[in-house]
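Worksheet: the structure to be examined is printed underneath.
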Amino acid sequence: MSRSDVLVDADWVQAHIDDPKVVIVEVDEDTSAYEKNHIKNAIRIDWKKDLQDPVRRDFIDQAGFERLLSERGIANDDTVVLYGGNNNWFAAYAYWYFKLYGHQDVRLLDGGRKKWELDSRDLVVDAPAPRPHTEYQAQEQDLTIRAFRDDAIKAIGSLNLVDVRSPDEFSGKLLAPAHLPQEQSQRPGHIPTAHNIPWSKAANDDGTFKSDDELKALYEGEGVDLSKDTIAYCRIGERSAHTWFVLHELLGQPNVRNYDGSWTEYGSLVGVPIELGAS
Amino acid sequence: MCGAKAGGPGLAGVDVATETIIQGSLTRDGEPVSGYVRLLDDSGEFTAEVPTSATGQFRFFAAPGTWTLRALVPGSSVDRAVVAQKGNLTEVAIAV
């Protein structure tokens with residue numbers, strides 16, 4: 001798999017903007033950003049309303065994902081190009097989620113919404129005409145790319161645990177990224193033996209990914225043994241989806257799982273070990 | 001400051017006493033400008049980033065200490081060092 005199979009640049013999107021087999025999808029943390037404006041012909045997926053079970057803390061099930069994609073007019077053989085704000089955090093989360101349910105051809109727009117805006121490219125206000133309904137067939141969840149809390153606990157001292165939050169969240173100084181209020185119920189800190197490699201080290205200021213050589217040097221330089229399996233986590237699994245994308249999709253590491261329960265689950269568990277302080 | 005509103009966004013619903021808030025506005029030639037503001041910690045590491053509002057405003061919930069704000073707008077970026085304290089608003093006006 002090459003970089004161009006999973007990552008496209010703005011010129012590629014511009015060239016395929018009217019291609020009916022390319023579905024451009026905006027996924028933002030701020031789910032109202034799409035209403036302000038978006039790339040022409042882009043549809044929206046709301047990471048909260050569309051991708052989460054409305055009652056339990058979990059994802060929508062396989063049938064739910066099939067309903068969602070059928071209703072949005074996405075077919076199994078469509079190329080889905082995801083982009084969003086926050087340096088593609090939630091777009092990378094959606095990318096991982098589409099892979100979880102087995103969609104073949106998913107790609108990220110390198111740099112996401114921010115680079116598109118900073119390059120002063122066109123954005124439109126009107127939503128496109130709805131795409132025709134499809135009969136989307138999802139696969140069962142691919143649990144080789146998803147980790148749960150017991151996997152995270154078992155990984156202590158044996159697998160690579162990569163905590164991709166900011167150093168101040170890792171050390172316990174902050175409980176959430178600094179654009180969110182800090183009142184949270186869980187304990188601060190990190191999973192013992194985790195390496196703190198913030199997701200942002202994998203990206204340039206404009207949100208594009210660094211080169212494969214730079215990325216490999218980054219993880220190896222921070223002590224990650226790339227011959228071992230890896231679990232990445234953050235606060236709710238969106239920034240670690242960005243790092244999962246780097247390790248699994250760009251660097252081609254075979255056994256990388258995203259722990260989507262992440263710190264909001266782990267930091268609330270009774271009796272599990274927690275470490276405080278910098279790495 | 002013609003069209004620009006001084007200071008950061010309104011504080012209704014925000015518990016200022018318990019948070020360490022860094023906020024402000026981004027202007028070019030006195031007019032609010034759309035862009036992004038990054039918050040870097042005392043080692044220069046990325047901590048958070050927000051798009052500015054339609055009126056150029058931004059806000060972070062940080063921790064006490066020294067931080068750098070980096071404003072990104074089409075064609076340029078500007079860094080500003082700030083010191084934040086819990087319970088005290090740190091207001092920063094950034095001209096790009």
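The values are calculated or read from the model by the stated rules, or taken from the named source; none is laboratory data. Since we're looking at a predicted model, the values are computed, not measured. All Cβ positions, glycine included, derive from the backbone under ideal geometry; neighbour counts span all protein chains shown. SASA here: full protein model, heavy atoms, side chains in, ligands and nucleic acids out. Shrake-Rupley method; radii C 1.70, N 1.55, O 1.52, S 1.80 Å.
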Round to the nearest 10 and give me the degree value, 0 to 90, for the angle of helix A:212-221's Cα axis relative to the longest principal axis of chain A. 20
Quick check: pseudo-label points 7 Å beyond the Cα along Cα→Cβ at A:D126 and A:L269, how many nm apart are they? 5.2
Shielding by other protein chains, B:66-77, mean Cβ within 10 Å: 2
Tell me the Rg and the Dmax, in Å, that the Cα atoms of segment A:3-118 produce. 13.3, 41
Taking R0 as 56 Å, what's the FRET efficiency between A:D53 and B:D29 from their Cβ-Cβ distance, rounded to 0.05? 0.70
Quick check: pseudo-label points 7 Å beyond the Cα along Cα→Cβ at B:R80 and B:A95, how many nm apart are they? 1.1
Could you rank the peptides A:33-45, A:165-177 by their average count of other C-beta atoms within 10 Å per residue, with the highest value first? A:165-177, A:33-45
Please report, to one decimal in angstroms, the Kirkwood hydrodynamic radius of segment B:20-95 built from all distinct Cα-Cα pairs. 12.2
Cut-off under 5 Å, modelled amide H: who pairs with A:V8 long-range: A:L108, A:L109, A:D110
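Rounded to the nearest 0.05, what FRET efficiency do A:R187 and A:D77 have when you use their Cβ-Cβ distance and R0 = 45 Å?
0.45
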Out of A:N88, A:F148, A:L174 - ranked by how far each Cα lies towards the positive end of the dipole of chain A, with unit charges on the beta-carbon of charged residues - the top one is A:L174
Scoring only Lys, Arg, Asp and Glu (+1, +1, -1, -1) among other residues with Cβ under 15 Å from the Cβ of A:V270 yields 0
Taking each residue in B:38-47, count the Cβ atoms of any other chain within 10 Å of its Cβ, then average. What number comes out? 5
Inter-centroid distance (Cα atoms) of segment A:144-173 relative to segment A:188-248, Å: 11
With Cα atoms, 0 to 90° folded angle of helix A:85-100 axis to chain A main axis: 90
If you count only protein heavy atoms and use a 1.4 Å probe, how large is the accessible surface of B:K86, to the nearest 10 Å²? 130
When you look at the Cβ of every residue in A:165-174, what mean number of other chain Cβ atoms sits within 10 Å? 4
Angle in degrees between helix A:62-72 and the longest Cα principal axis of chain A, rounded to the nearest 10: 40
Average the reciprocal distances over every distinct pair of alpha-carbons in segment A:146-266, invert the result, and give the Kirkwood radius in Å. 14.3
Output needed: percent of Cα pairs per 20 Å distance bin for the protein assembly as shown, bins running from 0 to the one holding the longest distance. 29, 59, 12
Length gain on complete extension for the stretch A:A217 to A:K40, per 0.36 nm per residue less the alpha carbon to alpha carbon distance? 60.0 nm
If r is the Cβ-Cβ distance from A:K210 to A:S70 and R0 is 56 Å, what FRET efficiency results, to the nearest 0.05? 0.95
Note, segment A:270-279: 3J(HN,Hα) by Karplus (6.51, -1.76, 1.60, θ = phi - 60°), whole Hz, Gly/Pro = x, goes 7, x, 7, x, 9, 10, 10, x, 6, 7
In order over segment B:80-96: 3J(HN,Hα) from phi, Karplus 6.51/-1.76/1.60, θ = phi - 60°, whole Hz, x for each Gly or Pro, gives 9, 7, 9, 10, 10, 10, 5, x, 10, 6, 9, 9, 10, 9, 10, 9, 10
Under Karplus coefficients 6.51, -1.76 and 1.60, residue-wise ³J(HN,Hα) of segment B:50-62 in Hz, glycine/proline x: 9, x, 6, 6, 4, 9, x, 8, 8, 8, 10, 9, 10
Selected from B:T55, B:T66, B:T18 as most flexible by GNM, with chain B as the system and alpha-carbon contacts under 10 Å: B:T18
